[in-house]
Amino acid sequence: MSSRAPSLNDWQKLYESARDFKQIKPWTWMSDADLFGVQNPQNGDIGYCCIMGQLGEVFALAVYLGSEGLKGYLRIQSGEIGEGDPDAMHVQECLMASFEDRGALAKEDLQTIKKLGLKFRGRNAWPRFRSYRPGYVPWFLTKDEAGFLTIALQQAIDVALRFKKDRDLLTPKKEGPVMMVRVPKSRDADGDWKDVWMVPPAPEKAHLTVGATDEIRLRRLKKEISSREGIWEIDTFYFPGAVQEGARPFFPRTLVVLDHSSGMALHNWLAPPWESLSEFQESLLDFVQKIGILPERILVSKHDNLKMLEPIASTLKIDLNMVEILEAVEEFREEMYTHFLGAPAGPFA
């Protein structure tokens, strides 16, 4: 996807579409569970659209991108990721058009509005457009993102107005995991569109393995370290403080190792969000080699971490258990977030 900035004409079309969307107030008859898809005419990808505002708190159209975006939406919708959970932002891969108070806009938003000669007044009246990606600060749209969000807003208006007359519009006629998707009849977004029922593709699953070099290292550590002591809680999550290296700030991922009994932090390590989990495996092995001690047992609460640690625990003969809550990690993380989020959050909170 191009990283070029939208032109003034792109912004004009987007703000006009947002204005038309807000004018019909679709959240007065639709909920965030009334999901439908819109196909991107440029690349065929599906954006899954969710209209928010029924509760009178957030007024927006969120477009969850592809199967990974849909997976994040479903985790939130099912309650797996609860309201106020610090992981909520980091499972979202979407484009969002929301309607905010003026104070929620950044100077770049206000400059664009001024250039377009637009005027807004009152609460929840100011359009704001953002791109959400796991591990990154919500950010300004690229040209391609602005174009697709414009199309999604236009198609959301079409779907919402028809849904108002026919509440069964988004209900599948046959049983099965299918969803209504608005599909263009040509690559011309201004042409005709049609409703197509599709089965959303399953998200691609990451393959978490330890490479050949790691296997050699693991066997060596098994021979060198005989001391075993205590129970460790191991977790990975996004660090609450953003880092700016390049155009878009990101939240580093952190690996933490805590003593289950005392809650003491034994090890922590930061990496950019694009690093693979093998980097976390290497950091953990570095720590084990440094202290010369293995735990008797490791506790984790996430499936990905279980997969990451299975080859290590299996070779080193460490009991590895999945639990619902890591008590020491929860307390550690709460203290960390309280410390970092006590400062002003800025325009992207």
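Where a number appears in this text, it was derived from the coordinates with a stated rule and is not lab data. Quick caveat: nothing in here was measured; it's all calculated off a predicted structure. Methodologically, a virtual Cβ is constructed for each residue, glycine included, from the backbone with ideal geometry; neighbour enumeration extends over all protein chains shown.
Report the calculated FRET efficiency for GLU68 and LYS223 (r = Cβ-Cβ distance, R0 = 41 Å), to the nearest 0.05.
0.50
Could you check the spin-label model distance between SER7 and GLU279? Points 7 Å from the Cα along Cα→Cβ, value in nm.
Label at SER7, label at GLU279, 3.8 nm between them.
In debye, nearest 20, what is the charge dipole magnitude of region 84-140 about its Cα centre with +1 on Lys and Arg Cβ and -1 on Asp and Glu Cβ, if you could check?
520 debye
What angle do you read, to the nearest 10 degrees and between 0 and 90, between the alpha-carbon axis of helix 66-77 and the longest principal axis of the chain?
Helix 66-77 sits roughly 80 degrees off the main axis of the chain.
Just subtract the alpha-carbon distance of ALA125 and GLU296 from 0.36 nm times their residue separation and send over the number in nm, one decimal.
55.8 nm
Per q in 0.18, 0.19 1/Å, what log10 I(q)/I(0) does a Debye calculation on the alpha-carbon atoms of region 211-332 return?
-0.96, -1.06
Would you compute, from DSSP H runs of 4+ residues alone, the mean residue ellipticity of the chain at 222 nm, taking -39500 (n - 2.57) per run and dividing by the full residue count, rounded to the nearest 500?
-11000 deg cm²/dmol
May I ask you to evaluate 6.51 cos²θ - 1.76 cosθ + 1.60, the Karplus curve with θ = phi - 60°, for each residue of region 252-262 and list the ³J(HN,Hα) values in order in whole Hz, giving x for glycine and proline?
x, 8, 10, 9, 10, 10, 10, 6, 5, 6, 9
How much length is gained if the chain between VAL199 and LEU161 is pulled fully straight, taking 0.36 nm per residue apart and subtracting their Cα-Cα distance, in nm to one decimal?
Length difference between fully extended and current span is 11.3 nm.
Taking the Cα centre of region 8-198 as origin, work out the dipole magnitude from +1 charges on Lys and Arg Cβ and -1 charges on Asp and Glu Cβ, in debye rounded to 20.
700 debye
Among LYS25/LYS194; LYS107/LYS143; LYS25/LYS107; LYS22/LYS174; LYS13/LYS165; LYS22/LYS165, which pairs are too far apart, with a Cα-Cα distance over 21 Å?
Violating the 21 Å limit, Cα to Cα: LYS25/LYS194; LYS25/LYS107; LYS22/LYS174; LYS13/LYS165.
Hey, what did region 212-340 get for relative contact order, percent, Cα under 8 Å, at least 6 apart?
29 percent
In the neighborhood of PRO26, defined by Cβ-to-Cβ distances under 15 Å, what is the net charge if each Lys or Arg adds +1 and each Asp or Glu adds -1?
Combined, the nearby Lys, Arg, Asp and Glu give +3.
Helix 107-116 against the longest principal axis of the chain: what's the angle in degrees, Cα atoms only, rounded to the nearest 10?
On a 0 to 90 degree scale, this one is about 20.
For the charge dipole of region 240-302, defined by +1 on Lys and Arg C-beta atoms and -1 on Asp and Glu C-beta atoms about the Cα centroid, which residue among GLY292, GLY241, PHE280 has the Cα displaced farthest towards the positive pole?
Farthest towards the positive pole: GLY241.
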